[in-house]
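First comes the structure, then the notes that go with it.
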Amino acid sequence: RYQPTWGSLDARPLPAWFDEAKFGVFIHWGVFSVPSFGSEWFWWYWQKEKREPYVKFMDTNYPPGFSYEDFGPLFTAEFFDANQWADILKASGARYVVLTSKHHEGFTLWGSKYSWNWNAVDVGPKRDLVAELAASVRNRTDLHFGLYHSLFEWFNPLFREDATSAFKTRKFPTSKSLPELYEIVTKYQPEIIWSDGDGDAPDTYWNSTGFLAWLYNDSPVRDTVVTNDRWGIGTMCTHGGFYTCRDRYNPGHLLPRKWENCMTIDRHSWGYRRDAPLRDYLAIEDLVKELAETVSCGGNLLMNIGPTHDGRIAVVFEERLRQMGAWLEVNGEAIYGTKPWRAQNDTVTPGVWYTSSPKEGKVNVIFLNWPVSGILELGEPQAKIGETQVKLAGYKDLLKWVALGETGMVIALPQLTPQQLPCQWGWTLQLTDVN
């Protein structure tokens, strides 16, 4: 049994499915999707920091005295179709999904008995959105279902009271945050608990180790659940199941512990923004590059979308998800279930990333630019004359190659028209029998 100490909890082996999955989709959805302006931190920027664009937006578009709580009934989700979401998630090639069950605004997407009149069953949609998505994901896909949960709430009076006492009192975690965590685990049995937002309070205030010991020992998901590293000030990149270290974390080199790169398709926001121009959305080329780099260095990619207040996945997000799925359809063997190779990227040609499939005895070479010459030079692999074989994923014939001295090889790519290419936005060579 795990003890409620970091030493004991950190020693728990990470369930194997998480490392094998490699790619997940993050969904930021909540009352902030109603103003859908600027950022999911809308309430904080408007009310606490009083940032000019937010104040002006409210003054121009809403009557005097309109409060953030008044956005609650406008979070309607009338177009939310959990089956449709599940089908898009499946088409993306993702192996897991993480939904914001509650962001820092404190609004729960399920009918929490600890969030009276500030939840999706009492206000707005009048539906249990967590239950609907969990059911559809489990019925229609093989994805693992996970939940994000914010420890703190910006404007909760109990949290503010505890903060005033420098967290000597613990009214908020004992009456709100912890009961919610136990509630979502027991009710929805998520296989990921993605914790966030420590409110500058230590893990002892949150009793994070006590909760995690229960999660790993006695909860209904004790054998399969994975957790991140955001359990109180100072725990990030130090404690927990897998490390996130910071948002959009992509170190570019191998790390000793399993990590995840959580990032957004919208460069500037996690929640939906009605005013985002096309240039603010990452192109599929950017996303494939991010995936290749992340997986080569032993990480998982958690790619975020922000649905609209009425429950739609905007067309631009759906397109990116389906494009990623189309790419993985051809190149998935270089991603899913792989291990980092001895080299993460190539020393001679930029934009080349390696993974290995030890069971199949393969080294996968993901290259992001098709060379004009039709010749790809690699500095890392040590090929064996008469033994090494080179295959292009999605293309039937073996490729010709020449060894370069001790290490390195030159590969002749097939001469293909754009229509004949097995995919766009990046390609995979599979090398067998290399040293």
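Mind telling me which of the residues ARG160, ARG138 ends up being closer than 29 Å to ALA94 by Cα and open to solvent by 30 Å² or more (accessible area, probe 1.4 Å)? Write out each step before concluding.
Values: ARG160 fails: closer than 29 Å to ALA94 by Cα.
Going through ARG160, ARG138 in turn, the sole match is ARG138.
For segment 214-230, indicate whether the set of residues that are of a type in the set (A, V, I, L, M, F, W, C), out of contact with any Ser or Thr (no Cβ under 9 Å at 6 or more places or on another chain), under 19 Å from ARG246 (Cα atoms) and in the same structural domain as ASN304 (by the TED database) is non-empty.
Within segment 214-230 (the criterion being of a type in the set (A, V, I, L, M, F, W, C), out of contact with any Ser or Thr (no Cβ under 9 Å at 6 or more places or on another chain), under 19 Å from ARG246 (Cα atoms) and in the same structural domain as ASN304 (by the TED database)), the answer is yes, since at least one residue qualifies.
Taking only pairs six or more apart or across chains, which ones have beta-carbon atoms under 8 Å, a first residue in segment 191-215 that is at positive phi, and a second residue that is of a type in the set (Gly, Ala, Ser)?
Pairs found: GLY197/SER150; GLY199/ALA163; ASP200/ALA163.
From (1) touching a strand residue (DSSP E or B) at 6+ places or on another chain (Cβ under 6 Å); (2) touching a residue at least 60 places away in the same chain (Cβ under 8 Å); (3) open to solvent by less than 10 Å² (accessible area, probe 1.4 Å), pick out the condition that doesn't hold for THR244.
Result: THR244 fails condition (2) only.
Can you tell me which residue in segment 41-93 is nearest to ALA135 (Cα to Cα), limited to those that are among the β-branched types (Val, Ile, Thr) and either open to solvent by less than 40 Å² (accessible area, probe 1.4 Å) or not in a helix (DSSP H, G or I) (or both)?
Here the residue is ILE88.
So, restricting to strands (runs of 3 or more DSSP E) that lie completely within segment 321-435, which ones have at least 3 residues that are modelled with pLDDT of 95 or more and among the β-branched types (Val, Ile, Thr)?
Qualifying strands (runs of 3 or more DSSP E): 362-367.
Check whether at least one residue in segment 110-122 is among the aromatic types (Phe, Trp, Tyr), in contact with a Ser or Thr (Cβ under 8 Å, 6 or more places away or on another chain) and open to solvent by 10 Å² or more (accessible area, probe 1.4 Å), and report yes or no.
yes
Give segment 1-22 a look and list any residue that's charged (D, E, K, R), assigned by the TED database to the domain that holds ILE192 and either in a loop (DSSP other than H, G, I, E, B) or at pLDDT below 95 (or both), or say none.
ARG12, LYS22
Has segment 187-197 got any residue that is in contact with a Ser or Thr (Cβ under 6 Å, 6 or more places away or on another chain), surrounded by 16 or more Cβ atoms within 10 Å (Cβ to Cβ) and assigned to a strand (DSSP E or B)?
Scanning segment 187-197, I find at least one residue that is in contact with a Ser or Thr (Cβ under 6 Å, 6 or more places away or on another chain), surrounded by 16 or more Cβ atoms within 10 Å (Cβ to Cβ) and assigned to a strand (DSSP E or B), so the answer is yes.
Against the conditions (1) open to solvent by less than 80 Å² (accessible area, probe 1.4 Å); (2) without any contact (Cβ under 8 Å) to a residue 12 or more places away in the chain, where does ILE411 fall short? Just the number, please.
(2)
May I ask you to verify whether ARG222 is open to solvent by 30 Å² or more (accessible area, probe 1.4 Å), of a type in the set (Lys, Arg), closer than 30 Å to THR347 by Cα and at pLDDT 95 or above?
no
Take the residues in segment 1-15 that are of a type in the set (A, V, I, L, M, F, W, C) and open to solvent by less than 60 Å² (accessible area, probe 1.4 Å), then tell me which one is farthest from TRP214 (Cα to Cα). Full working, then the answer.
Taking segment 1-15 first, the residues of a type in the set (A, V, I, L, M, F, W, C) are 6, 9, 11, 14.
Of the ones still in play, those that are also open to solvent by less than 60 Å² (accessible area, probe 1.4 Å) are 6, 9, 14.
Working: TRP6: 13, LEU9: 11, LEU14: 16 Å.
That would be LEU14.
Which members of segment 345-365 meet the condition of being touching a residue at least 60 places away in the same chain (Cβ under 8 Å), open to solvent by less than 40 Å² (accessible area, probe 1.4 Å) and under 18 Å from THR407 (Cα atoms)?
TRP353, THR355, VAL363, ASN364, VAL365
Yes/no per residue for (1) under 26 Å from GLU293 (Cβ atoms); (2) within 22 Å of the chain's Cα centre (by Cα):
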residue: ASP196; (1), (2): yes, yes
residue: ASP200; (1), (2): no, no
residue: VAL221; (1), (2): no, yes
residue: TYR272; (1), (2): no, yes
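Would you mind finding the one in LEU129, LEU99, LEU147 that is more than 18 Å from the chain's Cα centre (by Cα) and aliphatic (A, V, I, L, M)?
LEU129
So, in segment 177-186, how many residues would count as being surrounded by fewer than 21 Cβ atoms within 10 Å (Cβ to Cβ) and under 18 Å from GLU161 (Cβ atoms)?
Number satisfying all stated conditions: 2.
Of the residues ILE305, ILE366, ILE313, which single one is assigned by the TED database to the domain that holds PRO414 and in contact with a strand residue (DSSP E or B) (Cβ under 9 Å, 6 or more places away or on another chain)?
Working: ILE305 fails: assigned by the TED database to the domain that holds PRO414; ILE313 fails: assigned by the TED database to the domain that holds PRO414.
Testing whether each residue is assigned by the TED database to the domain that holds PRO414 and in contact with a strand residue (DSSP E or B) (Cβ under 9 Å, 6 or more places away or on another chain) leaves just ILE366.
The values are calculated or read from the model by the stated rules, or taken from the named source; none is laboratory data. Keep in mind it's a predicted model, so treat the numbers as computed, not measured. Quick reminder, even Gly has a Cβ in these numbers, built from the backbone with ideal geometry, and neighbours come from all protein chains shown. Note: areas computed on protein heavy atoms with side chains; ligands, DNA, RNA excluded. Shrake-Rupley method; radii C 1.70, N 1.55, O 1.52, S 1.80 Å.
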